[in-house]
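Since the structure comes first, as structure tokens, the remarks are kept for the end.
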Amino acid sequence: LEVQGIKDVTVVCYVGDGASYEIGFGPLSGAAYRNDNVLYICYNNFNYANTGHQVSAATQQYARTKTTPIGSENKFGNIVPRKNMAKIVAMHDIPFAATASTGYQLDFINKVRKASKIKGFKFIDLLCACEPGWLVKAHEMNKVSKLMVDTGMWPLYEIEKKKVTVSLKPAMKPVEEALKLQGRFKHIDSSMIKDIQAQVN
């Protein structure tokens, strides 16, 4: 586009969490390092959904996935906390990084609009509930996406010129409200819930 002299275009990459957080992190980091004029949106459903719901670096601790199944050998699911990708990408000194959720559509739309007007590399980590991967009922996906924010499990914020701004102050509902709607957390006990709540707090 630059070679052709076309400058009035917003280039958007729409990429899953597995590719963003892990297997494609090199190109993502390189583009951020060069400050390429791109809006990169990570479609984040916290697992490799395209290939069968395996664990990714975006998967929350204690979540059950295809590669962290619950059984006699594993009663915890995924034992590793997720990466905080928005902060990692922001550390490349890009002009804009943010988190968003499909549960708060207007917030996401506003961040896309804002980012599209900024020159340089922009990154939005978008939480998207996953019906088969999260074992969520189809009619409750939006509710779960909102509760992940309302419980503080997925805070909404922007990092612009190294300044962090909270987009929406979470209601800080108990994390159990979000967890109980997701079959991937069906196995967790009170001690694990307490641990997740402490991490969020």
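The values are calculated or read from the model by the stated rules, or taken from the named source; none is laboratory data. Keep in mind the model is a prediction, meaning the values are calculated, not measured. Methodologically, a virtual Cβ is constructed for each residue, glycine included, from the backbone with ideal geometry; neighbour enumeration extends over all protein chains shown. Note: areas computed on protein heavy atoms with side chains; ligands, DNA, RNA excluded. Shrake-Rupley method; radii C 1.70, N 1.55, O 1.52, S 1.80 Å.
Among the candidates LYS114, LYS119, LYS173, the residue that is assigned to a helix (DSSP H, G or I), charged (D, E, K, R) and open to solvent by 10 Å² or more (accessible area, probe 1.4 Å) is uniquely LYS114. Is it the case that ALA63 is under 20 Å from LEU179 (Cα atoms), of a type outside the set (Asp, Glu) and either modelled with pLDDT of 95 or more or touching a Lys or Arg at 6+ places or on another chain (Cβ under 7 Å) (or both)? Taking the combined requirement at face value, the residue satisfies it. LEU181 passes every criterion in (1) assigned to a helix (DSSP H, G or I); (2) farther than 24 Å from ILE88 by Cβ; (3) open to solvent by 10 Å² or more (accessible area, probe 1.4 Å); (4) not basic (Lys, Arg) apart from (1).
Somewhere in region 22-39, is a residue within 21 Å of THR151 (Cα to Cα), at pLDDT 90 or above, part of a helix (DSSP H, G or I) and not polar (S, T, N, Q)?
Here is the first cut: in region 22-39, the residues within 21 Å of THR151 (Cα to Cα) are none.
No, that holds for no residue.
Condition check ((1) under 25 Å from MET153 (Cβ atoms); (2) out of contact with any strand residue (DSSP E or B) (no Cβ under 6 Å at 6 or more places or on another chain)) across all residues:
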| residue | (1), (2) |
| --- | --- |
| VAL12 | no, no |
| GLU22 | yes, yes |
| LEU28 | yes, yes |
| TYR33 | no, yes |
| ASN37 | no, yes |
| TYR43 | yes, no |
| ASN47 | yes, no |
| ALA63 | yes, yes |
| PRO69 | yes, yes |
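If you check LYS87, LYS75 for being surrounded by fewer than 18 Cβ atoms within 10 Å (Cβ to Cβ), part of a loop (DSSP other than H, G, I, E, B) and touching a residue at least 24 places away in the same chain (Cβ under 8 Å), only one passes: LYS75. Return the residues of region 50-72 that are of a type in the set (S, T, N, Q) and either open to solvent by 70 Å² or more (accessible area, probe 1.4 Å) or under 16 Å from the mean Cα position of the chain (by Cα) (or both); say none if nothing qualifies. Matches in region 50-72: ASN50, THR51, GLN54, SER56, THR59, GLN60, GLN61, THR67, SER72.
In region 95-107, the residues that are within 22 Å of PHE121 (Cβ to Cβ) and part of a helix (DSSP H, G or I) reach residues that are open to solvent by less than 10 Å² (accessible area, probe 1.4 Å) and at pLDDT 95 or above with C-beta atoms within less than 8 angstrom, at least six apart or across chains, in these pairs: ASP107/ALA100; ASP107/SER101; ASP107/LEU156.
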